[in-house]
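Working notes, beginning with the structure itself.
Where a number appears in this text, it was derived from the coordinates with a stated rule and is not lab data. This one's a predicted model, so the numbers in the text were calculated from it and none came from an experiment. Neighbour counts run over all protein chains shown; Cβ positions are idealised from the backbone, glycine included.
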Amino acid sequence: MGKISLAKCAYCGAAILRPSQKYCCAGCRVVDQILQSENQSAQNWGLRPRQESDPSLADPVALARFVSEDPQGPFSRLFFEGIQCSGCLTVLARLPEYIPQVRDVRWNNVDSVLTVNWGAAADLVTLSQTLSRLGFTFRWLEHDHPANQFRQSLRRQELQRIAVVGALFANIMLFAISVYAGAPAGLKQIFDWISFVLFIPVMSYGAWPFYRNAIRAFRSRVFNVDLPLTLAFLAGSIFSIYSLVKHQGSATGDIYFDSLSGFLFLILTTRYFLKSSQWAASDPYPLEFFFDRPLFQVNSPPTRTAEAPTEPPRAAELVQPPTWSAEAPKAPTWPEPRWTSLTQLKVGDLVTVPAGARVPVDGTLRSVSTELDLAFLTGESSPRLVTKGESVLAGSRVIGQAIEVQAEKVGFATEVGKIIDSINQKSLTLEIGHVTGGKVGSGLLLLVLAVAGITFLLLFQSQPAEGFRRIMALFIVACPCAIAFGAPLTYARSIKEAFRQGLVVRRSETFSALKRVRAVAFDKTGTLTKGQLRLFLLHPVLDRYLKQIILTLEQHSRHPVAEALKRQWGPLPPLEVVDLREVPGQGVEGRFGGDQYSLRTAQETSPTAGPGIELFRNGQSMLRLSFEDEVRPESAPLVQELHRRKIETWIFSGDQTEKVRELAQLLAIPEDHAFGRLSPQGKRAQLEKVKPDLYVGDGVNDVPALHSVRVSMAMPGSSLEAQLASDVLILRGGLERILDLLTIATKARRTLRRNLTIALTYNIAAGLAAVMGWVGPLGAAILMPLSSLAIYLSTEWI
């Protein structure tokens with residue numbers, strides 16, 4: 001029997017039983033028509049009238065301010081106000097279909113920042129006009145401009161709103177308690193009118209964010225969490241005012257100014273603390289973490305004095321050459337060196353970097369010369385010699401003696417700082433379709449509305465006031481706000497935990513993408529191996545004199561073989577050599593004493609043999625040196641553990657196939673899972689066939705592969721291109737961090753499921769209590785924050 005092919009909704013993609021239908025529901029039809037209503041009247045859909053475009057957004061200056069570049073292409077960032085749940089994001093998710101220039105959009109729920117990735121060209125005018133018509137309040141973010149400034153401003157506004165509502169609620173409760181305690185009828189009416197006067201700013205100023213979000217939901221025909229809350233709040237307010245005006249409040253008790261004020265105060269407070277916990281969990285990665293020491297010795301620019309210096313300053317202390325004027329002979333005063341934190345370094349400072357530490361600034365070397373380890377920046381396994389006056393990049397590790405660097409760029413303006421800043425901006429962004437809890441929250445809201453309607457119909461004839469009281473309590477107590485906040489908080493906590501383990505996670509959906517890991521693929525060189533050659537065989541045995549000859553011939557070479565010999569034999573004094581020269585395609589040669597020595601690439605004796613060189617004297621071969629790429633010690637245990645978890649392992653490499661299969665055999669990886677002689681595009685093609693859940697690489701040639709898998713990981717010391725292309729960057733440790741990442745992803749999924757269970761259990765139980773009349777509006781307002789508190793505590797246990 002063949003499979004039945006179901007039609008799909010033109011908006012959400014859900015299956016449709018009737019092929020004649022285009023949409024699965026009326027909501028999808030309305031939203032899709034809104035987004036396709038370019039030639040229709042905006043007023044027919046509740047949209048704002050089309051406004052004249054802001055000409056400044058089409059100006060090249062605006063494009064330069066608001067459009068940034070990364071390896072994936074141009075993008076812009078916008079800060080939004082008033083986004084409370086996934087219902088608000090539905091229209092944003094459709095922007096790529098509505099605006100052709102938009103490639104895709106990503107949402108940072110913690111910072112309320114939308115990242116718009118552009119295609120061929122950016123169209124700021126159309127985007128701004130579309131968002132304005134849909135009722136969104138937003139601000140453009142400039143280059144390297146964090147959302148913290150706007151976030152702090154909103155935080156102050158929210159605190160001010162909470163303080164006002166809280167103070168008014170406390171005063172309203174004073175009068176309400178007197179009424180509940182049995183105040184005389186005349187005094188009750190006075191207290192009720194005073195409560196109404198106090199309630200006016202609560203209803204207008206305090207509830208304004210809910211009105212704004214409800215209006216947006218109405219305009220875009222999208223159901224969000226604030227729409228039923230607003231309806232309940234307005235209905236309760238109108239009903240209470242009606243009872244007060246008709247002088248029925250003292251007799252029936254149908255005035256809910258205290259309950260409504262308490263509800264508003266508690267929900268504003270709950271949202272504020274949940275948002276604050278998200279902000280605390282998503283603090284940006286500190287720049288200091290990427291360096292080995294918090295303090296550096298610094299000489300600042302000199303100041304002028306009228307006294308001449310007793311002695312010229314030392315060159316190591318100079319920040320800029322001193323100058324003297326013939327008209328006013330003055331000399332600079334050279335301050336004593338001081339210790340300064342990494343974040344307090346300034347342009348012009350002369351920074352002393354001790355041996356083994358990372359350079360904290362981009363600048364110019366003022367010492368004579370040094371060797372720098374650039375593995376963190378470029379992936380180079382060999383040190384690079386830098387001489388006085390050459391540029392030095394932050395993140396380089398000093399090999400040898402301490403050096404002095406004059407700062408030209410500091411902090412996040414350095415090249416490594418820009419990488420860290422990019423990670424900070426994008427680590428919490430999600431594709432809008434991955435915002436967990438959105439469909440559950442929307443479904444719960446629809447269920448609440450249905451139950452409320454049934455309850456009101458059942459009680460409308462006999463007890464209309466009681467039915468209204470129960471419905472209002474239901475709307476208050478069954479608010480699914482906690483579901484909307486639980487997922488971003490969980491992801492933020494998981495990213496922090498990964499950071500403590502030495503992992504930088506660039507995308508929040510990495511954890512959901514690792515839901516079921518069935519296959520992991522590796523690059524070979526620099527990933528499963530150390531990427532550094534090691535001398536493992538020589539014939540015959542060398543004496544000190546021959547070692548000096550070889551090192552003298554290789555003293556200017558940057559070849560991995562030369563670096564391996566220098567590293568393994570250590571510093572030996574060079575010998576006097578005559579006519580030292582490199583022969584293209586052959587090797588290097590020179591004359592020592594009366595003999596002509598040369599180093600040439602050795603012919604491979606077998607397909608699996610590593611690189612080798614031969615030393616010749618007067619044309620006769622004297623000895624052969626063979627090298628191998630050392631396997632990482634953690635490679636075999638990792639592969640063994642992955643196999644124990646029923647996870648397949650693969651190797652994709654550009655090395656010779658025989659060498660790749662030899663390594664696969666050593667690590668117990670099936671031979672048919674090892675591929676060699678692959679170009680970068682060949683790797684990508686193989687990965688698209690195998691479809692592994694995780695790929696681990698380290699070099700520039702791995703960039704296409706890193707882009708083609710669900711989750712990609714870059715090794716420590718990877719090239720800058722690989723770091724930017726990967727989803728996860730290993731800062732400390734080695735391949736064992738893969739297991740740490742899988743463990744954190746598993747914990748995150750468990751936390752999400754636990755939070756969802758808690759929220760649904762609470763809403764069902766509390767909603768039932770409200771429908772049965774066991775909980776009134778005031779009790780519902782008190783119970784409402786419990787769900788959020790429970791989810792917060794659950795997430796803290798991640």
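Sorted ascending by nearby beta carbons within 10 Å, beginning with the fewest, 784, 772, 622, 173 become 772, 622, 173, 784.
According to the Cα-based calculation, Rg over Rh for the range 480-535 is 1.19, with Rh computed by the Kirkwood formula.
For residue 503, the amide hydrogen comes within under 5 Å of the amide hydrogens of 731, counting only partners 5 or more places away or on other chains and with H modelled in the peptide plane. Distance between the modelled labels on residue 797 and residue 672, one decimal in nanometres: 4.6 nm (7 Å Cα→Cβ projection). Once backbone amide H atoms are built at 1.01 Å from N, residue 575 has 552 as its partners under 5 Å, excluding neighbours fewer than 5 places away on the same chain. Peptides 546-553, 512-519 ordered by packing proxy, namely the average of other Cβ atoms within 10 Å per residue, highest first: 546-553, 512-519.
Extension gain, residue 636 to residue 768, is 41.9 nm, computed as 0.36 nm per intervening residue step minus the present C-alpha separation. For residue 519, the amide hydrogen comes within under 5 Å of the amide hydrogens of 648, 693, 694, counting only partners 5 or more places away or on other chains and with H modelled in the peptide plane. Summarised as an ellipsoid, the range 614-729 has semi-axes of 30, 18, 14 Å, derived from the eigenvalues of the Cα gyration tensor scaled by 5 and square-rooted, with the largest first. Between residue 454 and residue 746, the C-beta separation translates, for a Förster distance of 51 Å, into a calculated FRET efficiency of about 0.80. Cross-linked pairs 388/409; 646/689; 496/659; 275/515; 530/689; 346/388: Cα-Cα separations exceed 29 Å for 496/659. By the beta-carbon count within 10 Å of each Cβ, the least crowded to most crowded order of 661, 617, fewest first, is 617, 661.
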